[in-house]
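These notes concern the structure reproduced below.
The values are calculated or read from the model by the stated rules, or taken from the named source; none is laboratory data. Worth saying up front: this structure is predicted, and the values here are computed from it rather than measured. Cβ coordinates were reconstructed from backbone atoms using ideal geometry, including for glycine residues, and neighbour counts include every protein chain displayed. SASA here: full protein model, heavy atoms, side chains in, ligands and nucleic acids out. Shrake-Rupley method; radii C 1.70, N 1.55, O 1.52, S 1.80 Å.
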Amino acid sequence: MNNISIVFIGLDTHKEFFEVAHELDGRDNRVLHDARISSAKSSVIKMARDFQSKYPQATLHFVYEAGPCGYWIYRLLTSLGHCCYVVAPSLLPKKPGEKVKTDRKDAMKLAHLLKMNDIPIIYVPEAEDEAVRDLSRARQTATNDLNHARCQLKGFLLRNNICYDGTANWSLKHLRWLNELILPHPAQHIVLQEMLNTINERMKRLARLVNELEHQVKQWCYYPVVKAIQAMRGIRFLIAASIIAELGDLRRFDNPRKLMKYLGLTPSEDSSGDKRRLEKISKCGNGRARRLLIEGAHSYKFPAKVSSEMQKRQEMLSKEVIDIAWQAQLRLCKRYQRLMHRSKHRNVVVTAIAREMIAYIWAISREVAIAPIDVKKRIARVPA
């Protein structure tokens, strides 16, 4: 026991309990199941201290699967001075003959895979980065709820053969027209008024979240990156903030191809022998960031131009960032037209543009200086 240098501990996490298993380093040691513990923080701390007292000379390496439990386990264990890893469940190796799956076996499997170094470790954002990401996703949820309420109202009007003669939907003129509508039955008027109230409430909720997101992002350590990538065409504040909130630190990618693969924008491949077959994009990784990039890629169908609004966004930025943004606009606008002339489907063209957009965003992020993260403050925020 004195020669033990590393203890690999697998955790199968759930809402109420954790399954714990461990395996010692060395060729002859086998994985062992320990116990089922409560998911309370005090129980996790006690479990870590028990392992430390049992193997005082060893380093503890914890591992668990990413899921609804979040990253508080990672932050708690790292604050205690231990190594912790979070893995992607979809990338774990699985034998075709494995037909029995239990929490106990999952914990033992995680500990053994960590020992064999055959485990896909994922990037864990800082607590502040995760908070900004939650706020960004709340804004997107509010936008979806507002659009859903508007669709319900338009469907109600369509069923009653009521059409709006104006051009701009949901403008002030349109809202006044909706409030002045008189329906033949009182019950229908109540339904209309309730739908209008719901839309007004959700519009106010969305405005509150947008204002709060603007305030929080300006105090964020990645705000210089958010501001810099707005120099590109098709990327305004909300899209820029959401992309960086979803992706985090882009400097962890060695080259833009890894970032493209992380976003699922690279084509899947099924090649064998002399045949090479490229299929649809893999759609792996972060789907929210991929959707935002595809939305911004639609703007490159127009000729390259620096508008007055883009000039305002490029104020106080370095020449290197502005040059990268202009180079991206020249290339992507030309590429968009060239692919369309080759009779490519518009969705294929937009996806190809989005794939190259993230490469230029990666290049811009490397031109921006970011304040280093204070590890002591991060550890102090984690409750012990």
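Structure notes:
- Within region 172-201, the set of residues being open to solvent by 70 Å² or more (accessible area, probe 1.4 Å), assigned to a helix (DSSP H, G or I) and either of a type in the set (A, V, I, L, M) or touching a helix residue (DSSP H, G or I) at 6+ places or on another chain (Cβ under 6 Å) (or both) comprises Leu172, Ile190.
Residue-by-condition table, conditions (1) closer than 25 Å to Thr143 by Cβ; (2) aliphatic (A, V, I, L, M); (3) under 19 Å from the mean Cα position of the chain (by Cα):
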| site | (1), (2), (3) |
| --- | --- |
| Lys218 | yes, no, no |
| Val226 | yes, yes, yes |
| Ala245 | yes, yes, yes |
| Gly248 | yes, no, yes |
| Phe253 | no, no, yes |
| Pro256 | no, no, yes |
| Ile281 | yes, yes, yes |
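- Subset tally (residues that are in contact (Cβ under 8 Å) with a residue 60 or more places away in the chain and closer than 17 Å to Ala66 by Cα) for region 116-128: 4
- Qualifying residue in region 152-161 (condition: closer than 30 Å to Ser242 by Cα, assigned to a loop (DSSP other than H, G, I, E, B) and of a type in the set (A, V, I, L, M)): no
- Total residues in region 340-364, condition assigned to a helix (DSSP H, G or I), among the small types (Gly, Ala, Ser) and over 18 Å from Ala228 (Cβ atoms): 2
- Test: residue in region 279-292 that is surrounded by 12 or more Cβ atoms within 10 Å (Cβ to Cβ), of a type outside the set (Lys, Arg), in contact with a helix residue (DSSP H, G or I) (Cβ under 9 Å, 6 or more places away or on another chain) and under 19 Å from Lys227 (Cα atoms): yes
- Considering the conditions (1) in contact with a helix residue (DSSP H, G or I) (Cβ under 7 Å, 6 or more places away or on another chain); (2) part of a helix (DSSP H, G or I); (3) not basic (Lys, Arg), Gln337 is excluded by exactly one of them, (1).
- Only one of the listed residues (Arg139, Arg150) is within 30 Å of Ala168 (Cα to Cα), crowded, with 18+ Cβ neighbours inside 10 Å and of a type in the set (D, E, K, R). That residue is Arg139.
- Per the listing Asp165, Asp134, the residue uniquely among the acidic types (Asp, Glu), in a helix (DSSP H, G or I) and either open to solvent by 50 Å² or more (accessible area, probe 1.4 Å) or more than 30 Å from Gly248 (Cβ to Cβ) (or both) is Asp134.
- Qualifying residue in region 241-258 (condition: crowded, with 20+ Cβ neighbours inside 10 Å and over 24 Å from Ala369 (Cβ atoms)): no
- Residue count for region 300-324, restricted to those that are open to solvent by less than 90 Å² (accessible area, probe 1.4 Å), under 15 Å from Phe237 (Cβ atoms) and assigned to a helix (DSSP H, G or I): 3
- Residue list for region 16-35, filter: charged (D, E, K, R) and touching a residue at least 60 places away in the same chain (Cβ under 8 Å): Glu19, Glu23, Asp25
- In this structure, Ala127 qualifies as of a type outside the set (D, E, K, R) and surrounded by fewer than 17 Cβ atoms within 10 Å (Cβ to Cβ).
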